[in-house]
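Enquirer: Questions regarding the structure given below will be posed in turn.
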Amino acid sequence: MAKLLELSHDVIEAHILDPENNPLPPELQEQFNRVMTAARLLDDYPNDSQIVAMLARKYRASVTTFRKDLALAKEVFKTKHTFDWDFWFAWQIKDQLELIRKCKLQGNLKEWNQAKKVLHQIIGDKPAGVEDPKRMEHTTVYIQVVNNNGTTEYKSIGDVHDLRPDEVQELLEVMQEPIDEKKGEELMNS
């Protein structure tokens, strides 16, 4: 593994792009092939032991060598199993925001609007919120009841549920009773 890592990036890139005119040294050619094979297998097989077994069927080397090649493949080639989606998503949003800011400062409204549309596509719509069926258990709601004698009571929804049917009927009648302007003003100020 150390030998392949000692090569410069340009040499490896030249070999990948044009292997016939830029071959690797023969002692590194097999290691390069093993690492490339391991990188291709990583997309389909996330289990390391499966990849090592497949490499053992194809190449003649020790299990330790295959594990080192697999580690190098994971380091060099990011796969769908090791891809950092959160980092990529944040980077994409940041890049788009910089483009929006740049277009606005330059006064390029057409590109500015287009960049905002792309940002909306990146972020997407706000997901629909799911109503919490136990929301009423978390929040206590009080109903203000003004009795005929002028006293004010606060009853929670739970207390209203516990009232007898005739008490609920009386409460509804009081709540639906029309009031004059003066009484409405008093209620609004209280």
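The values are calculated or read from the model by the stated rules, or taken from the named source; none is laboratory data. Just so it is clear, the model here is predicted, and its values are computed rather than measured. Here the Cβ is made from the backbone with ideal geometry for all residues, glycine too, and neighbour counts use every protein chain on show. With ligands, DNA and RNA removed, areas are computed over all heavy atoms of the protein, side chains included. Shrake-Rupley method; radii C 1.70, N 1.55, O 1.52, S 1.80 Å.
Enquirer: Six or more apart or on different chains, Cβ under 6 Å: which pairs go from a residue in region 10-22 that's under 15 Å from Asn33 (Cβ atoms) and touching a residue at least 12 places away in the same chain (Cβ under 8 Å) to one that's open to solvent by less than 100 Å² (accessible area, probe 1.4 Å) and assigned to a loop (DSSP other than H, G, I, E, B)? Could you list them?
Expert: Within 6 Å, the pairs are His15/Asn22; His15/Leu24.
Enquirer: Considering Lys104, Lys68, which residue is among the basic types (Lys, Arg), over 28 Å from Glu13 (Cα atoms) and either modelled with pLDDT of 90 or more or part of a helix (DSSP H, G or I) (or both)?
Expert: On the way: Lys68 fails: over 28 Å from Glu13 (Cα atoms).
Going through Lys104, Lys68 in turn, the sole match is Lys104.
Enquirer: Among Glu75, Glu20, which is in a helix (DSSP H, G or I), open to solvent by 60 Å² or more (accessible area, probe 1.4 Å) and of a type outside the set (Phe, Trp, Tyr)? Walk me through it before giving the result.
Expert: Numbers: Glu20 fails: in a helix (DSSP H, G or I).
Going through Glu75, Glu20 in turn, the sole match is Glu75.
Enquirer: Would you point out the residue of region 90-130, among those that are out of contact with any helix residue (DSSP H, G or I) (no Cβ under 9 Å at 6 or more places or on another chain) and of a type in the set (A, V, I, L, M), that is surrounded by the most Cβ atoms within 10 Å (Cβ to Cβ)?
Expert: Ala90
Enquirer: Please find, within region 57-72, the residue that is farthest from Leu28 (Cα to Cα) out of those that are open to solvent by 40 Å² or more (accessible area, probe 1.4 Å) and over 38 Å from the mean Cα position of the chain (by Cα). Reasoning before the result, please.
Expert: Of the residues in region 57-72, the ones open to solvent by 40 Å² or more (accessible area, probe 1.4 Å) are 57-58, 60-65, 67-68, 71.
Cutting the leftovers down to over 38 Å from the mean Cα position of the chain (by Cα) gives us 57-58, 60-62.
Working: Arg57: 20, Lys58: 17, Arg60: 14, Ala61: 14, Ser62: 16 Å.
Ranking the qualifying residues of region 57-72, first place goes to Arg57.
Enquirer: Specify which of the listed residues (Pro133, Pro165) is under 32 Å from the mean Cα position of the chain (by Cα) and open to solvent by 100 Å² or more (accessible area, probe 1.4 Å).
Expert: Going through Pro133, Pro165 in turn, just one is under 32 Å from the mean Cα position of the chain (by Cα) and open to solvent by 100 Å² or more (accessible area, probe 1.4 Å): Pro133.
Enquirer: Right, another one. Assuming Phe87 fulfils every condition listed in (1) part of a helix (DSSP H, G or I); (2) without any contact (Cβ under 8 Å) to a residue 12 or more places away in the chain; (3) open to solvent by less than 90 Å² (accessible area, probe 1.4 Å) apart from one, which condition is it?
Expert: For Phe87, the failing item is (3).
Enquirer: Sort out which residues of region 168-182 are open to solvent by 100 Å² or more (accessible area, probe 1.4 Å) and either among the small types (Gly, Ala, Ser) or more than 14 Å from Val145 (Cα to Cα) (or both), and write them in order of number.
Expert: Once the filter is applied, which keeps residues that are open to solvent by 100 Å² or more (accessible area, probe 1.4 Å) and either among the small types (Gly, Ala, Ser) or more than 14 Å from Val145 (Cα to Cα) (or both), region 168-182 yields Pro178, Glu181, Lys182.
Enquirer: For region 1-17, enumerate the residues that are modelled with pLDDT of 80 or more and either more than 23 Å from Thr65 (Cβ to Cβ) or not in a helix (DSSP H, G or I) (or both).
Expert: Matches in region 1-17: Ala14, Leu17.
Enquirer: Has region 38-53 got at least one residue that is exposed (fewer than 13 other Cβ atoms within 10 Å of the Cβ), out of contact with any Asp or Glu (no Cβ under 7 Å at 6 or more places or on another chain) and part of a loop (DSSP other than H, G, I, E, B)?
Expert: yes
Enquirer: Looking at region 173-189, I want the residues that are under 18 Å from Ile143 (Cβ atoms) and have a partner that is open to solvent by less than 100 Å² (accessible area, probe 1.4 Å) and part of a loop (DSSP other than H, G, I, E, B) with Cβ atoms under 8 Å, at least 6 apart or on another chain. Which pairs are those?
Expert: Leu187/Ile179
Enquirer: Give region 23-32 a look and list any residue that's open to solvent by 60 Å² or more (accessible area, probe 1.4 Å) and either part of a helix (DSSP H, G or I) or touching a Cys at 6+ places or on another chain (Cβ under 8 Å) (or both), or say none. I'd like the intermediate steps shown before the answer.
Expert: Keep residues of region 23-32 that are open to solvent by 60 Å² or more (accessible area, probe 1.4 Å), which gives 23, 26-27, 30.
Correct list: Pro26, Glu27, Glu30.
Enquirer: Farther than 30 Å from Ala39 by Cβ, part of a helix (DSSP H, G or I) and charged (D, E, K, R): which single residue out of Glu131, Glu153, Glu98 fits that description? Give the derivation first.
Expert: Working: Glu131 fails: part of a helix (DSSP H, G or I); Glu153 fails: part of a helix (DSSP H, G or I).
Testing whether each residue is farther than 30 Å from Ala39 by Cβ, part of a helix (DSSP H, G or I) and charged (D, E, K, R) leaves just Glu98.
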